[in-house]
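A.B. asks: Have a look at this one.
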Amino acid sequence: MSDGVQAFLTEWHRIVSEKDLAALPSMLAEDISMGAPPYWAKLQGRDLVRHLLGLVIHTIEDFTYQREWLDGNELALEFTGHVGEVDLQGIDLITLDEHFAIRNLDVLMRPVNGVIRLRETIAPQMAEYLSRGGGSVA
């Protein structure tokens, strides 16, 4: 594993565990794209993705990374947590750019009732953000 990837992982785990949303933008490329289970289309841009990630970090309780798979600048991070009484399991598929910032993030999550519960919790907050001109989600 390269020093850049190791530094990214150390800081990413710190940000998530400490819920340090102020440090989050430094980890995201300006033109980041994110595929998130509650949305059909990819989210585009640092501000929109940062906002959604902030909501997710504060909504999923006991969020814990379990395992990691690495292939150069491609990472797969398995996580667990819960929303209310509904358990979640998922994988963050991350592609880092040449500066070790996230260029692409796709989130795979199960079970479906967990995805539904997560969407029910964050959708109103995302809608409010979007109505204030924070971007758009298809």
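The values are calculated or read from the model by the stated rules, or taken from the named source; none is laboratory data. The shown structure was predicted, so the numbers you read here are calculated from the model rather than taken from an experiment. For neighbour counting, all protein chains shown are included, and Cβ atoms are generated from backbone atoms with ideal geometry for every residue, glycine included.
A.B. asks: If THR64 passes every condition in (1) out of contact with any helix residue (DSSP H, G or I) (no Cβ under 8 Å at 6 or more places or on another chain); (2) closer than 21 Å to PHE100 by Cα but one, which one does it miss?
C.D. replies: (2)
A.B. asks: Continuing with this model, one more query. Identify the single condition in (1) surrounded by 15 or more Cβ atoms within 10 Å (Cβ to Cβ); (2) outside any strand (DSSP E or B) that GLU128 does not satisfy, given that it satisfies every other one.
C.D. replies: Only one criterion in (1) surrounded by 15 or more Cβ atoms within 10 Å (Cβ to Cβ); (2) outside any strand (DSSP E or B) is unmet by GLU128, namely (1).
A.B. asks: Could you tell me which numbered condition TYR129 fails, if it satisfies all but one of (1) hydroxyl-bearing (Ser, Thr, Tyr); (2) within 29 Å of GLY4 (Cβ to Cβ); (3) touching a His at 6+ places or on another chain (Cβ under 9 Å)?
C.D. replies: Of the numbered conditions (1) hydroxyl-bearing (Ser, Thr, Tyr); (2) within 29 Å of GLY4 (Cβ to Cβ); (3) touching a His at 6+ places or on another chain (Cβ under 9 Å), the odd one out for TYR129 is (2).
A.B. asks: Among all residue pairs at least 6 apart or on different chains, which show Cβ distances below 7 Å where the first residue, located in segment 32-60, is within 17 Å of LEU21 (Cβ to Cβ) and in contact (Cβ under 8 Å) with a residue 60 or more places away in the chain and the second is basic (Lys, Arg) and in a strand (DSSP E or B)?
C.D. replies: ILE32/ARG103
A.B. asks: Follow-up question, since we're still on this one. Identify the residue in segment 106-120 that is in contact (Cβ under 8 Å) with a residue 40 or more places away in the chain and surrounded by 18 or more Cβ atoms within 10 Å (Cβ to Cβ) and, among all such residues, is nearest to the chain's Cα centre (by Cα). Lay out the reasoning, then the answer.
C.D. replies: Of the residues in segment 106-120, the ones in contact (Cβ under 8 Å) with a residue 40 or more places away in the chain are 106-109, 115, 118-119.
Then drop every residue that is not surrounded by 18 or more Cβ atoms within 10 Å (Cβ to Cβ), which leaves 107, 109, 115, 118.
Numbers: VAL107: 7, MET109: 11, VAL115: 14, LEU118: 13 Å.
The extreme case among them is VAL107.
A.B. asks: To continue, here is another question. List every residue pair whose Cβ atoms lie under 7 Å apart, where the two residues are 6 or more positions apart in sequence or sit on different chains, the first residue falls within segment 82-105 and is closer than 21 Å to PHE63 by Cα, and the second residue, located anywhere, is among the aromatic types (Phe, Trp, Tyr) and surrounded by fewer than 20 Cβ atoms within 10 Å (Cβ to Cβ).
C.D. replies: GLY90/PHE79; ASP92/PHE79
A.B. asks: Among the residues of segment 9-23, count how many are of a type outside the set (D, E, K, R), in contact with a helix residue (DSSP H, G or I) (Cβ under 7 Å, 6 or more places away or on another chain) and either at pLDDT below 95 or part of a helix (DSSP H, G or I) (or both).
C.D. replies: Residues meeting the conditions: 4.
A.B. asks: Determine which member of the set GLY133, GLY72, GLY81 is surrounded by 13 or more Cβ atoms within 10 Å (Cβ to Cβ) and of a type outside the set (Phe, Trp, Tyr).
C.D. replies: Working: GLY133 fails: surrounded by 13 or more Cβ atoms within 10 Å (Cβ to Cβ); GLY72 fails: surrounded by 13 or more Cβ atoms within 10 Å (Cβ to Cβ).
After ruling out the rest, the residue left standing is GLY81.
A.B. asks: Yes or no: ASP87 surrounded by 13 or more Cβ atoms within 10 Å (Cβ to Cβ), of a type in the set (Asp, Glu) and not in a loop (DSSP other than H, G, I, E, B)? Lay out the reasoning, then the answer.
C.D. replies: Values: surrounded by 13 or more Cβ atoms within 10 Å (Cβ to Cβ): yes; of a type in the set (Asp, Glu): yes; not in a loop (DSSP other than H, G, I, E, B): yes.
So ASP87 passes the test.
A.B. asks: Moving to a separate point now. Is it true that ASP47 is of a type in the set (Asp, Glu) and not in a helix (DSSP H, G or I)?
C.D. replies: On the way: of a type in the set (Asp, Glu): yes; not in a helix (DSSP H, G or I): no.
No: the conditions fail for ASP47.
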